[in-house]
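Enquirer: Quick one: this structure, given as structure tokens, is what I'll be asking you about.
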Amino acid sequence: MRRLEGKIAVVTGAASGIGRGTALLFAEEGAKLTLIDLQAEKLEETAAEVRKLGAECRTVCGDVSKPETIEEAVSLTVREFGGVDVVFNNAGIMPSEKIIVDVTDDEWDRVLDVNLKSMFLMCRRVIPEMLKRGGGSIINTSSVMAHLTEPGYTAYTASKAGILGLTREIAVTYAEQGIRCNAIAPGWVDTEMNRRLAADLGGMDKLYPIIKKQQPLGRMISTRDC
Ligand code: NAD
């Protein structure tokens, strides 16, 4: 018996990295999937891989910080598959930041909207659907940076710590109604996000000292390890 046989799952940020790896794992475990991302072409590549694994899959290309994207994805999932059992709220951004005195209002708002508000929007829309089915599971991607941060990641750190609070509140509110809400806090994972960060810092050599401080292993892990 596969662990998600017959379950219906929504995965955000599915075109790349941890979201892509999770979509493939969920497909192997028997889930039907709706995948969301901003990057249309890469999203369809993930969907093609998911279908090769024998899973049914729908895609929504859109911005998870916009209520209309969330509405489209959840209503499509309910219409096509009959409901929602699992949500992996994972899409996120980590711009090369500056210390707080240099962060603009727009930079702050964008990171908080994509990383945190998107999860509020998704949970608010999907919880009533989960309650109709007697429960469900929500997994929110936080980060090691919510616990151990570095200078210069103001908005990212705040957004990832905010996810922990949101997750706890949902977990205690809906525990008795069968909805589990958990956050994961990955360390450093080998994805496009970190390749972009390394390029901005001037190469992988500049990133490794930061990784070493936060991850005793001293190297990034794969999305599969994650
Ligand atoms: P990634 O850049 O490889 O993938 C992120 C995906 O999210 C991309 O496909 C991107 O297009 C999508 N996305 C970004 N903004 C979006 C939006 N507004 N609407 C829809 N899709 C959007 O990054 P990743 O490393 O796989 O990161 C996934 C999550 O894991 C993020 O929340 C990130 O903060 C978190 N995280 C990553 C690491 C790491 O080391 N890679 C560590 C801790 C936490």
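Enquirer: Tally time: how many residues in region 168-203 are within 15 Å of the ligand (Cβ to nearest atom), in contact with a Leu (Cβ under 7 Å, 6 or more places away or on another chain) and closer than 17 Å to V87 by Cα?
Expert: 1
Enquirer: Would you mind stating whether L25 is out of contact with any Asp or Glu (no Cβ under 6 Å at 6 or more places or on another chain) and in a strand (DSSP E or B)?
Expert: No; evaluated as a whole, the condition is false for this residue.
Enquirer: Could you check, for region 112-120, whether at least one of its residues is in a helix (DSSP H, G or I), in contact with a strand residue (DSSP E or B) (Cβ under 6 Å, 6 or more places away or on another chain) and over 19 Å from G19 (Cα atoms)?
Expert: No: region 112-120 contains no residue that is in a helix (DSSP H, G or I), in contact with a strand residue (DSSP E or B) (Cβ under 6 Å, 6 or more places away or on another chain) and over 19 Å from G19 (Cα atoms).
Enquirer: Same structure, new question: Among residues belonging to region 88-111 that are surrounded by fewer than 15 Cβ atoms within 10 Å (Cβ to Cβ) and in a helix (DSSP H, G or I), point out the one that is farthest from the ligand (Cβ to nearest atom).
Expert: If we take residues in region 88-111 being surrounded by fewer than 15 Cβ atoms within 10 Å (Cβ to Cβ) and in a helix (DSSP H, G or I), then V101 is farthest from the ligand (Cβ to nearest atom).
Enquirer: Then there's this: Can you pull out the residues in region 151-180 that are buried (at least 20 other Cβ atoms within 10 Å of the Cβ), closer than 24 Å to I221 by Cβ and modelled with pLDDT of 95 or more?
Expert: Of everything in region 151-180, those that are buried (at least 20 other Cβ atoms within 10 Å of the Cβ), closer than 24 Å to I221 by Cβ and modelled with pLDDT of 95 or more turn out to be Y156, T157, S159, K160, I163, T167.
Enquirer: So which residues in region 5-45 are buried (at least 20 other Cβ atoms within 10 Å of the Cβ), among the charged types (D, E, K, R) and within 15 Å of the ligand (Cβ to nearest atom)?
Expert: Listed by number, the residues that qualify are R20, D37.
Enquirer: So which pairs qualify, if the first residue must be in region 62-83 and touching a residue at least 40 places away in the same chain (Cβ under 8 Å) and more than 12 Å from E129 (Cα to Cα), the second must be of a type in the set (S, T, N, Q) and within 12 Å of the ligand (Cβ to nearest atom), the Cβ gap must be under 6 Å, and the two must be at least 6 apart or on different chains?
Expert: Between residues of region 62-83 that are touching a residue at least 40 places away in the same chain (Cβ under 8 Å) and more than 12 Å from E129 (Cα to Cα) and residues that are of a type in the set (S, T, N, Q) and within 12 Å of the ligand (Cβ to nearest atom), the close pairs are D63/T69; V64/T12; V64/S118; S65/S118.
Enquirer: What number goes with the only condition from (1) in a helix (DSSP H, G or I); (2) within 11 Å of the ligand (Cβ to nearest atom); (3) closer than 20 Å to I127 by Cα that S65 does not pass?
Expert: (1)
For (1) of a type in the set (S, T, N, Q); (2) farther than 27 Å from Y156 by Cα; (3) out of contact with any strand residue (DSSP E or B) (no Cβ under 8 Å at 6 or more places or on another chain), each residue gets a yes or a no:
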| position | (1), (2), (3) |
| --- | --- |
| R2 | no, yes, yes |
| K7 | no, yes, no |
| L35 | no, no, no |
| R58 | no, yes, no |
| A73 | no, no, no |
| R79 | no, yes, yes |
| D85 | no, yes, no |
| P95 | no, no, yes |
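Enquirer: Taking the conditions exactly as written (β-branched (V, I, T) and within 18 Å of H147 (Cβ to Cβ)), does I210 satisfy them or not?
Expert: The answer is yes for I210.
Enquirer: With respect to the numbered conditions (1) under 21 Å from the mean Cα position of the chain (by Cα); (2) among the basic types (K, R); (3) within 16 Å of the ligand (Cβ to nearest atom), which one is the sole condition not fulfilled by K206?
Expert: Failing condition for K206: (1).
Enquirer: Restricting region 46-62 to residues that are loosely packed, with under 14 Cβ neighbours inside 10 Å and not basic (K, R), which is nearest to the ligand (Cβ to nearest atom)?
Expert: A48
Enquirer: Working only within region 138-173, note down all residues that are closer than 20 Å to K206 by Cα, hydrophobic (A, V, I, L, M, F, W, C) and outside any loop (DSSP other than H, G, I, E, B).
Expert: V144, M145
Enquirer: I would also like to ask the following. Are any of the residues in region 179-190 over 30 Å from K132 (Cα atoms) and charged (D, E, K, R)?
Expert: Yes: one or more hits.
The values are calculated or read from the model by the stated rules, or taken from the named source; none is laboratory data. Being a predicted model, the structure only gives us computed values, none of them experimental. Note that we place each Cβ from the backbone using ideal geometry, even for glycine, and neighbour counts take in every protein chain shown.
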